[in-house]
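Trainee: Below: one structure in structure tokens.
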Amino acid sequence: MDEEIAQQSNHLPPPIYTVVNEAGAEHEKSFTVTVSCKEQILGAGTARRKKDAEQLAAKEAMERIADTSISEVMLPAASSEVSGFGRSLT
């Protein structure tokens, strides 16, 4: 996610990327990453590289923010679940 744009346009703190799952053998590992802001999960992505998973999560977050007002995106508070979110390259 372009942190500068998000911060300037919505006055939000920087996003936090969290690896929530690593699966598979070392040579075939996949990563699931969430991106959150103010403890609200905004997107998730799964890919073989952490960077790709982060980019997928960021893309989903940006689309979600663009499709709704920021107040709708930020409510309710985040849970530890990732259901309802996610993009995958695997």
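Trainee: Could you pull out every residue, at least 5 positions away or on a different chain, whose amide H is within less than 5 Å of the one on VAL20? Hs are placed 1.01 Å off N in the peptide plane, and Pro or chain starts have none.
Mentor: THR32, VAL33, THR34
Trainee: Could you derive backbone 3J(HN,Hα) for segment 45-56 from the dihedral phi with the Karplus parameters 6.51, -1.76 and 1.60 (θ = phi - 60°), listing whole Hz in sequence and x where the residue is Gly or Pro?
Mentor: x, 10, 7, 6, 10, 4, 4, 5, 5, 4, 5, 5
Trainee: Another question, then. Quick check: from the Cα gyration tensor, does segment 19-64 come out rounded (a/c under 1.5), prolate or oblate?
Mentor: Taking the square roots of the gyration eigenvalues as a ≥ b ≥ c, segment 19-64 is prolate.
Trainee: Tell me, what HN-Hα J-couplings in whole Hz come from the Karplus equation 6.51 cos²θ - 1.76 cosθ + 1.60 at θ = phi - 60° for each residue of segment 23-28, using x for Gly and Pro?
Mentor: 9, x, 5, 3, 7, 10
Trainee: For LYS29, which lysines qualify as cross-link partners when the Cα separation must be under 22 Å and same-chain residues fewer than eight apart are set aside?
Mentor: Cα-Cα hits under 22 Å: LYS50, LYS51, LYS59.
Trainee: So who's got an amide H within less than 5 Å of the one on GLN40, skipping anything under 5 residues away but keeping other chains? H placed 1.01 Å off N, in plane.
Mentor: ALA78
We did not get these values from a lab; they are worked out from the coordinates using the rules stated. This is a predicted model, so every value here is computed, not measured.
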